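Visitor: Here's a structure for you.
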Amino acid sequence: MFGKGLRGVFCAAAVLGAFFGASFGTFSTQARADEPGVTPDSITIGAFGPITGPAAYIGLAGRDGANLAIKEINAAGGINSRKLSMVFEDDGHSPTKALAAVKKLIDQDHVFMIFCVAGSNGTLGTIDFVRENGRVMYVSFASAPGVTWPFARNLFRGGTTEVPRYGELYAEYLHEYLKATKIAILNGREEYPKNEGDALTAQLKNWYQTAPVKRAEFNIGDKDFTPQLLEIQGADPQVIAIFGNPAEAAIAMRQAKELGMNQQFFLGTTMVDQSLLNVAKQAAEGASGFALLPLLPSSSNPEMKAWVAKWKQEYPNLPAGRPNVFDVLSYSDMYAVADAIKRAGKDLTTDRLIDALEATHEYRAGAIASPLTFTKKHHIGNLRLQAMQVKNGEWEPVAFEGKRESDILKRYQ
Amino acid sequence: MTWRIILQLALSGLSIGSIYALVGLALVLPFKASGIVNFAQGEIVTFGAYLALILSGLGLPYLAVVPLVLVGAAMFGMATERLLIRPIANQPEFTLVIVTFAIGFIIKAAIRLHWQDNTFSIDAPFVGPPLVLGALRLNPAYLVFILGTVVVVAALFLFFGYSKFGKAMRATALDPIAAKLMGIRIGSVFSAAWALSTMLGAFVGLLLAPVIGINPEIGHLILKGLVAAVIGGFSSLGGAVVGGLLLGLLETYAGAFFGATFKNLVPFGVLILLLLLRPQGLAGASSVRRV
């Protein structure tokens, strides 16, 4: 007579009991590690960048540089008794793929934070999601202003500065150091080179009331630049500024020389690297630009040589052209992140990490890196770039330092 | 726009068009012989460039690298046809298309495993200061592209027109069953067609490597090669050449007159217009169906 009714009660009680038991177990686990990606002995960092496609030279270097740093940090005992691990996703230099990668890292891999070694193209696809999500994203390479403006508490820009600052330094260098008043710009049509071109154009207008005499664009993957170069030649510039990828810039420079154009070249930051010289060869002689680091990997500085030696020991089979500046940037930025995680303490949370990052003052991972400073008001770690020029087939530092006060930090006041 | 600029653009358009023509030829050859479009042809170009890089790294001069790359590519083409294509030759066309895509992906992935996406270069005797012809400047490499295409077209013309094996290939392309009945070993014909095709693709890679650098993405030329082949009529070798040159000129002038955005827009727009007006292409034959 109790039959079905009592069986039903017992079943319900069993189900509820199992539910609460599982919840208690989960809660117990979570009580040891409230933050995703943080356990008593590990911290999982998610990372993304292009490891396929034409921008793979930055993502591959970003991944490898960061991995080298993590390996060293773990070998030295980790951070507050926790070992770092990294889960890396390819974004193919596409905003949609980048967003998918970040969502996977956060929602499926449950990482503690995001270390971004993507270009501006990919990074911008993730900004809105990350802002809303609240996970810390530390951006090592992307120079798009959207990373740090409007200000978001959980977004940080490390070794590379933002592109309006590029514009300031480029304009000052071209106008006051090279004494050039007629500047032509040839830029790729994707986000980053377009931003560089826009920043230079804007700053030439703001500070010197001038405009480029010609501006032409090219598509990524183009192999012939004759139409654009002839257009620029007609404007008779003193300097040709090229912003894009090393492969395309090298071809454009060679074709310009072949067309009898003897103007000096000024190159965007991603091209101040050995990979451009491999293809451009003699056409690059005399070209100048700004490096993202105080020292290039080809430098004879003892500290850089020692760093390159240990990098090659870790990656013995990688080809010529590596390590590049992005290897060094991501390596030193991972150390900056690790330093902040350490200062955040054993009871690691997103808020504590943000507080620790904002307390970072002139941190640098040795002479190979730029000093980084974050504050509660802005998260732009670095405002410095190093002027370089190609002399006898090598990039050499130029004794130029921007003297004009930057307009960028004013908006954060 | 001055006449100097117009002529300079024409030189540039013809040189890049020569590259498209060679890729188009490399696509048409196996199609005529075996009815298969080799979508791995772009990666064959890349393969040729990397093979040149390896051989240059061993200290061989460019002129010694060229025949070795061509022989290596021919062997690769024959092996691909014999081991991967022939066993599935009777499968639906779409299966064959997917297989050629897969071959291309595998080549690119294998290249990336070792070289990743870094850019390299090799030295070549035709890379040097420009030749000055009055107000015009001609990149010697571009001259080599154009002359190389002329030589290849002439060689193919002589081969298919006057050699026994070339005639056998033409016969097989016309009617494989009849050719077989006449004693032609059509398996050898298919292998030869693929070998020729991969040699052509690798030749393009050899030409491009010293000029634009070597990276896994140089093979995206296949799209332009396909357009060249379609413009010319996919069954015509001469048509592929004309199509390639026309494409190069259209692209260059479109970029000069309308900007970078139109470099691709205009040629592909012309392609669609051409196909609407003349679906068989410039030199292709209309298909006849007896009812």
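The values are calculated or read from the model by the stated rules, or taken from the named source; none is laboratory data. This is a predicted model, so every value here is computed, not measured. When we count neighbours, we look across all protein chains shown, and the Cβ atoms used for this are built from the backbone with ideal geometry, even at glycine.
Visitor: Got at least one residue in the stretch A:294-304 being under 18 Å from the mean Cα position of the chain (by Cα), in a helix (DSSP H, G or I) and in the same structural domain as A:A359 (by TED's automatic domain parsing)? First the steps, then the outcome.
Guide: Looking only at the stretch A:294-304, we keep the residues that are under 18 Å from the mean Cα position of the chain (by Cα), and these are A:294-297.
If we keep only those that are in a helix (DSSP H, G or I) too, we end up with none.
No, because not a single residue in the stretch A:294-304 is under 18 Å from the mean Cα position of the chain (by Cα), in a helix (DSSP H, G or I) and in the same structural domain as A:A359 (by TED's automatic domain parsing).
Visitor: Only one of B:T46, B:T80 is buried (at least 20 other Cβ atoms within 10 Å of the Cβ) and out of contact with any Phe, Trp or Tyr (no Cβ under 9 Å at 6 or more places or on another chain). Can you tell me which?
Guide: Values: B:T80 fails: out of contact with any Phe, Trp or Tyr (no Cβ under 9 Å at 6 or more places or on another chain).
So the residue among B:T46, B:T80 that is buried (at least 20 other Cβ atoms within 10 Å of the Cβ) and out of contact with any Phe, Trp or Tyr (no Cβ under 9 Å at 6 or more places or on another chain) is B:T46.
Visitor: For B:V23, only one of the following conditions fails: (1) crowded, with 24+ Cβ neighbours inside 10 Å; (2) part of a helix (DSSP H, G or I); (3) out of contact with any Gly (no Cβ under 6 Å at 6 or more places or on another chain). What is its number?
Guide: B:V23 satisfies all of (1) crowded, with 24+ Cβ neighbours inside 10 Å; (2) part of a helix (DSSP H, G or I); (3) out of contact with any Gly (no Cβ under 6 Å at 6 or more places or on another chain) except (3).
Visitor: I'd like to verify a number: residues in the stretch A:218-235 that are aromatic (F, W, Y) and either more than 7 Å from every other protein chain (Cβ to nearest Cβ) or part of a helix (DSSP H, G or I) (or both), how many?
Guide: Looking only at the stretch A:218-235, we keep the residues that are aromatic (F, W, Y), and these are A:218, A:225.
The next check asks that each one be either more than 7 Å from every other protein chain (Cβ to nearest Cβ) or part of a helix (DSSP H, G or I) (or both); those that pass are A:225.
Residues meeting the conditions: 1.
Visitor: Determine whether the stretch B:52-72 contains at least one residue that is of a type in the set (A, V, I, L, M), closer than 28 Å to B:L174 by Cα and either touching a residue at least 12 places away in the same chain (Cβ under 8 Å) or part of a helix (DSSP H, G or I) (or both).
Guide: Of the stretch B:52-72, the ones of a type in the set (A, V, I, L, M) are B:52-55, B:58, B:60, B:63-66, B:68-71.
Applying the additional criterion that residues be closer than 28 Å to B:L174 by Cα yields B:70-71.
From the residues that got through so far, the ones that are either touching a residue at least 12 places away in the same chain (Cβ under 8 Å) or part of a helix (DSSP H, G or I) (or both) too are B:70-71.
There is at least one residue in the stretch B:52-72 that is of a type in the set (A, V, I, L, M), closer than 28 Å to B:L174 by Cα and either touching a residue at least 12 places away in the same chain (Cβ under 8 Å) or part of a helix (DSSP H, G or I) (or both).
Visitor: I've got another one for you. Please go through (1) part of a helix (DSSP H, G or I); (2) within 14 Å of chain A (Cβ to nearest Cβ); (3) surrounded by fewer than 21 Cβ atoms within 10 Å (Cβ to Cβ) for B:D123 and return the number of the only condition it doesn't satisfy.
Guide: All conditions pass for B:D123, except number (1).
Visitor: I'd like to check something: does the stretch A:156-172 contain any residue that is hydrophobic (A, V, I, L, M, F, W, C) and touching a His at 6+ places or on another chain (Cβ under 6 Å)?
Guide: Taking the stretch A:156-172 and keeping what is hydrophobic (A, V, I, L, M, F, W, C), we get A:156, A:163, A:169, A:171.
With the extra rule that they be touching a His at 6+ places or on another chain (Cβ under 6 Å), the set shrinks to A:156.
There is at least one residue in the stretch A:156-172 that is hydrophobic (A, V, I, L, M, F, W, C) and touching a His at 6+ places or on another chain (Cβ under 6 Å).
Visitor: On the given criteria, is A:F243 of a type in the set (F, W, Y) and either more than 30 Å from A:S332 (Cα to Cα) or surrounded by fewer than 19 Cβ atoms within 10 Å (Cβ to Cβ) (or both)?
Guide: Values: of a type in the set (F, W, Y): yes; either more than 30 Å from A:S332 (Cα to Cα) or surrounded by fewer than 19 Cβ atoms within 10 Å (Cβ to Cβ) (or both): no.
Judged against the criteria, A:F243 is not a match.
Visitor: To continue, here is another question. For the stretch B:40-86: of the residues being touching a Gly at 6+ places or on another chain (Cβ under 7 Å) and among the polar types (S, T, N, Q), which is nearest to B:A124 (Cα to Cα)?
Guide: Checking each candidate, the answer is B:T46.
Yes or no, residue by residue, for (1) at pLDDT 95 or above; (2) farther than 20 Å from A:P323 by Cα; (3) in the same structural domain as A:N219 (by TED's automatic domain parsing):
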position: A:L6; (1), (2), (3): no, yes, no
position: A:L16; (1), (2), (3): no, yes, no
position: A:S42; (1), (2), (3): yes, yes, no
position: A:G59; (1), (2), (3): no, no, no
position: A:G62; (1), (2), (3): yes, no, no
position: A:L68; (1), (2), (3): yes, no, no
position: A:K83; (1), (2), (3): yes, yes, no
position: A:L99; (1), (2), (3): yes, yes, no
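Visitor: Filter the stretch A:247-263 down to the residues that are surrounded by fewer than 22 Cβ atoms within 10 Å (Cβ to Cβ) and among the polar types (S, T, N, Q), then identify the one that is nearest to the other protein chains (Cβ to nearest Cβ).
Guide: Once the filter is applied, the top-ranked residue is A:N262.
Visitor: Out of all the residues in the stretch B:107-162, which are touching a Pro at 6+ places or on another chain (Cβ under 8 Å) and of a type in the set (A, V, I, L, M, F, W, C)?
Guide: B:I111, B:W115, B:F120, B:I122, B:A124, B:F126, B:V127, B:L131, B:L138, B:A141
Visitor: Does the stretch A:377-386 contain at least one residue that is closer than 30 Å to A:H110 by Cβ and surrounded by fewer than 22 Cβ atoms within 10 Å (Cβ to Cβ)?
Guide: Looking through the stretch A:377-386, at least one residue is closer than 30 Å to A:H110 by Cβ and surrounded by fewer than 22 Cβ atoms within 10 Å (Cβ to Cβ).
Visitor: In addition: Let me spell it out: the conditions are (1) surrounded by fewer than 23 Cβ atoms within 10 Å (Cβ to Cβ); (2) within 16 Å of A:A61 (Cβ to Cβ), and A:V328 meets all of them except one. Which number is the exception?
Guide: Condition (1) is where A:V328 drops out.
Visitor: Which number in (1) within 14 Å of chain A (Cβ to nearest Cβ); (2) out of contact with any Phe, Trp or Tyr (no Cβ under 8 Å at 6 or more places or on another chain); (3) of a type in the set (G, A, S) marks the one condition that B:A141 misses?
Guide: All conditions are met except number (2).
Visitor: Taking the stretch A:198-217 only, how many residues are hydrophobic (A, V, I, L, M, F, W, C), farther than 16 Å from A:T270 by Cβ and away from every other protein chain (no Cβ under 13 Å)? Explain how you work it out, then say what you get.
Guide: Filtering the stretch A:198-217 down to residues hydrophobic (A, V, I, L, M, F, W, C) leaves A:199-200, A:202, A:204, A:207, A:211, A:213, A:216.
Subsequent filtering for residues that are farther than 16 Å from A:T270 by Cβ retains A:202, A:204, A:207, A:211, A:213, A:216.
Restricting the remaining residues to those that are away from every other protein chain (no Cβ under 13 Å) gives A:202, A:204, A:207, A:211, A:213.
Within the stretch A:198-217, residues that are hydrophobic (A, V, I, L, M, F, W, C), farther than 16 Å from A:T270 by Cβ and away from every other protein chain (no Cβ under 13 Å) number 5.
Visitor: In the stretch B:218-277, which residue that is without any contact (Cβ under 8 Å) to a residue 40 or more places away in the chain and among the small types (G, A, S) is farthest from the other protein chains (Cβ to nearest Cβ)?
Guide: The qualifying residue farthest from the other protein chains (Cβ to nearest Cβ) is B:G269.
Visitor: With the checklist (1) of a type outside the set (V, I, T); (2) assigned to a helix (DSSP H, G or I); (3) at pLDDT 85 or above in hand, flag the one item B:A173 doesn't pass.
Guide: If we test B:A173 against (1) of a type outside the set (V, I, T); (2) assigned to a helix (DSSP H, G or I); (3) at pLDDT 85 or above, just (3) comes out false.
Visitor: Looking only at the stretch B:126-138, count how many residues are within 16 Å of B:G13 (Cβ to Cβ) and facing another protein chain (nearest Cβ under 9 Å). Quick ask: steps written out before the conclusion?
Guide: Taking the stretch B:126-138 as the starting set, the residues that turn out to be within 16 Å of B:G13 (Cβ to Cβ) are B:136-138.
Add one more test, that the residue is facing another protein chain (nearest Cβ under 9 Å), and what stays is B:137-138.
Of the residues in the stretch B:126-138, 2 are within 16 Å of B:G13 (Cβ to Cβ) and facing another protein chain (nearest Cβ under 9 Å).
Visitor: Next question, about the same structure. Please find, among A:G286, A:G268, A:G221, the residue that is modelled with pLDDT under 90 and in the same structural domain as A:D407 (by TED's automatic domain parsing).
Guide: None of the others qualify; the one that does is A:G221.
Visitor: Please find, within the stretch B:106-120, the residue that is surrounded by the most Cβ atoms within 10 Å (Cβ to Cβ) out of those that are free of Cβ contacts under 8 Å to residues at least 24 places away in the same chain and more than 9 Å from every other protein chain (Cβ to nearest Cβ).
Guide: Top of the filtered list is B:A110.
Visitor: Could you list all residues from the stretch B:121-130 that are modelled with pLDDT of 85 or more and of a type outside the set (G, A, S)?
Guide: Result: B:I122, B:D123, B:P125, B:F126.
Visitor: Would you say B:A79 is within 14 Å of chain A (Cβ to nearest Cβ) and either assigned to a helix (DSSP H, G or I) or not acidic (D, E) (or both)?
Guide: On the way: within 14 Å of chain A (Cβ to nearest Cβ): no; either assigned to a helix (DSSP H, G or I) or not acidic (D, E) (or both): yes.
Criteria not met by B:A79.
Visitor: Considering only residues that are polar (S, T, N, Q), under 23 Å from the mean Cα position of the chain (by Cα), farther than 18 Å from A:A338 by Cα and assigned to a loop (DSSP other than H, G, I, E, B), which ones fall in the stretch A:366-413? Talk me through it step by step, then tell me what you get.
Guide: Residues of the stretch A:366-413 that are polar (S, T, N, Q), as a first pass: A:370, A:373, A:375, A:382, A:386, A:389, A:392, A:406, A:413.
Subsequent filtering for residues that are under 23 Å from the mean Cα position of the chain (by Cα) retains A:370, A:373, A:375, A:382, A:386, A:389, A:406.
Okay, now just the ones that are also farther than 18 Å from A:A338 by Cα, so A:386, A:389, A:406.
Matches in the stretch A:366-413: A:S406 only.
Visitor: Among the residues of the stretch A:200-211, which ones are under 26 Å from A:I58 (Cβ atoms), of a type outside the set (S, T, N, Q) and surrounded by fewer than 24 Cβ atoms within 10 Å (Cβ to Cβ)?
Guide: Taking the stretch A:200-211 first, the residues under 26 Å from A:I58 (Cβ atoms) are A:200-203.
If we keep only those that are of a type outside the set (S, T, N, Q) as well, we get A:200, A:202.
Within the stretch A:200-211, A:A202 is the sole residue that qualifies.
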